[in-house]
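The values are calculated or read from the model by the stated rules, or taken from the named source; none is laboratory data. These figures come from a predicted structure and were not determined experimentally. All Cβ positions, glycine included, derive from the backbone under ideal geometry; neighbour counts span all protein chains shown. Each accessible area value is taken on the protein alone, full model and side chains, heavy atoms only, with ligands, DNA and RNA left out. Shrake-Rupley method; radii C 1.70, N 1.55, O 1.52, S 1.80 Å.
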Amino acid sequence: MDLFYKSTRDSKVRATASQAILQGLSEDGGLFVPEQIPALGVELKELAEMTYQETAYAVMSRFLTDFTESELKDCIAKAYDSKFDLPEIAPLTKAEGAYYLELFHGATIAFKDMALSILPHLMTVSARKNQVKEEIVILTATSGDTGKAALAGFADVPGTRIIVFYPKDGVSPIQEKQMVTQKGDNTFVVGIRGNFDDAQSGVKAIFGDTVFKEELVYYVYAYARLFADGEIGENEPVNVVVPTGNFGNILAAYYAKQMGLPIEKLICASNDNKVLYDFFRTGCYDRNREFLLTSSPSMDILISSNLERLIYQLADQSDETARRLMKELAENGCYKITSAMEEKLKDFYGGYGSEEETAAAIRSVYEAVGYVIDTHTAVASCVYGKYKKETGDTAKTVIASTASPYKFTKSVMEALGESAAGTDDFELADRLATLSGVPVPQAVEEIRTAEALHNTVVNVDEMKQAVKRFLG
Ligand SMILES: *Cc1c(COP(=O)(O)O)cnc(C)c1O
């Protein structure tokens, strides 16, 4: 049966999967959502035998119904290959009473690789299917990790050009260097004098949005691995903790639950920009507050764009409600959901970690088991600790480990009590390797001596001109 997608802001807008992939954002400003969430429809015992690539096919074929089997399998094979430094693609590490699902083994060592290594292939096939002959322009805003992952995915892909806007003072030094050293004639990287929300609003005004179906795969895979390894029984409920910014990753976990995966609580972890924590407590989303720069910059976001997809679902797929609330957000910076919608938030638990608590979580996991986690994962780890204390819930729990600590060496080393003053990030990386026993990843080695190729920095109101200049 074919699955169609519709816009959160106008149910009459209907698209096939390949059309939705090509279009990114609906013309009415809405996001594409599946008309219904398909059931997983595969036995756990079968899933337990599958490789990551086979799991990806089992899950994604439910969503991309207008792709043929060979088209989809070909995309998956090209995406999840030796660009990842482990054949498992997304391994689980047991540490301190939780399972860390390591999503940073791809080319740019953050979880954005899970979706963005396959997106160029899906787009190329989608363009062919829809007889699109024009060049595809990918326009994206990044809080630090999406940018490099998208650049790596689209660099030198024929028929595409990619433009990335990042907050000039809002990313880690390694994140920035990864982006500005990007090769490929079809790539364009621009720093903006503003924060991520400014960048995302600018880009949304022009075109584009992120994907999430690809992120659902690793939750299914992780569950099946836990079962295969005898860590959980058949259909035993597990919790998932996700360090959250734009609400893409945790939304994928929510969809995985809707597909039938036995996920109990979806624990949404925020840093000091705790707009989502407040939302889960009060049903009120309010971005009218100071934007804070934290040690987990990829979560420094006050407008979580994918939350619109959850809102739509909570409102029983009412485009009218989504339209109204998003209008209120645009005009007043806040909205309140109805009590009926609030009732359905029970699946979620919102928490946040302060800067100090985040650093303490890095230290505590390291001291307990010698395992070094990054600042974003540490926010999740800290929130999980608070959750356990508050609820007494002892269910097995998966923590989405979203980036390698090597992307945030300074914050991580300082959290471990190491002095980072006056040391450059690569020297710190070498010291981190000694301390953690994990070698410096290739992604960091390859930028150690690379030359910066992108030096453009613009004001927020100059983004449009920058795009025009690049596209000629
Ligand atoms: C993007 C990102 C997040 C936040 O993910 P969302 O899908 O935007 O909620 C968390 N951690 C890291 C390392 C990221 O790159």
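Its Cα gyration tensor gives the chain an equivalent ellipsoid; the semi-axes, largest first and in whole Å, are 29, 27, 24. Applying both filters, DSSP loop and at most 10 other Cβ atoms within 10 Å, to the GluC sites (Glu not before Pro) of the stretch 198-279 gives GLU234.
Taking all protein chains as they are arranged and a probe of 1.4 Å, the heavy atoms of ASP278 leave approximately 40 Å² accessible to solvent.
Put a plus charge on the Cβ of each Lys and Arg, a minus charge on the Cβ of each Asp and Glu, and nothing anywhere else: the dipole of the stretch 335-472 about its Cα centre is then about 540 debye.
With every protein chain in place and a 1.4 angstrom probe, the accessible-area ranking of GLU356, GLU134, GLU343, GLU418, largest first, reads GLU356, GLU134, GLU343, GLU418. Peptides 143-154, 246-257, 47-58 ordered by packing proxy, namely the average of other Cβ atoms within 10 Å per residue, highest first: 143-154, 246-257, 47-58. Solvent exposure of the chain amounts to 39 Å² per residue of accessible area, where only protein heavy atoms count and the probe is 1.4 Å. For the stretch 379-472, applying the loop criterion from DSSP together with a ceiling of 14 other beta carbons within 10 Å to the trypsin sites (Lys or Arg not before Pro) yields ARG448. Each residue was assigned an accessible area with a 1.4 Å probe, and for ARG14 the value is about 130 Å².
Taking the average, over residues, of other Cβ atoms within 10 Å as the packing measure, peptides 369-377, 192-200 rank 369-377, 192-200 from highest down. Rounded if a/c is under 1.5, else prolate if a/b beats b/c, else oblate: with a ≥ b ≥ c from the C-alpha gyration tensor eigenvalues square-rooted, which is the stretch 215-355? Taking the square roots of the gyration eigenvalues as a ≥ b ≥ c, the stretch 215-355 is oblate. Hey, how many Å between the Cα centroid of the stretch 110-154 and the Cα centroid of the stretch 81-98? About 23 Å separates the Cα centre of the stretch 110-154 from the one of the stretch 81-98.
Please report how far the C-alpha centroid of the stretch 347-365 lies from that of the stretch 426-447, rounded to the nearest whole angstrom. Here the answer is 24 Å between Cα centres. Think of each Lys and Arg Cβ as +1 and each Asp and Glu Cβ as -1; about the Cα centre, that makes the dipole of the chain roughly 860 debye. Residues whose amide H falls under 5 Å from that of VAL13, counting only those 5 or more places apart or on a different chain, are SER7, with hydrogens built in the peptide plane. Highest mean packing first, where packing is the average number of other Cβ atoms within 10 Å per residue, the peptides 111-123, 176-188 line up as 111-123, 176-188. Ignoring ligands, DNA and RNA, what percent of the accessible area of the chain is carbon or sulfur (1.4 Å)? Within the chain, the accessible surface is 49 percent carbon and sulfur. Answer rounded, prolate or oblate for the stretch 165-244, using the Cα gyration tensor with square roots of eigenvalues a ≥ b ≥ c: rounded when a/c is under 1.5, else prolate when a/b is larger than b/c, else oblate. The shape class here is prolate.
As an exercise, use a Förster radius of 35 Å and the Cβ-Cβ distance of ALA39 and LYS12 to find the FRET efficiency, rounded to the nearest 0.05. That gives a FRET efficiency of 0.85.
Given +1 at the Cβ of Lys and Arg, -1 at the Cβ of Asp and Glu and no other charges, the dipole of the stretch 269-404 around its Cα centre is 220 debye to the nearest 20. THR68 sits among other residues whose Cβ lies under 10 Å from its own Cβ, and their net charge, with Lys and Arg +1 and Asp and Glu -1, is -2.
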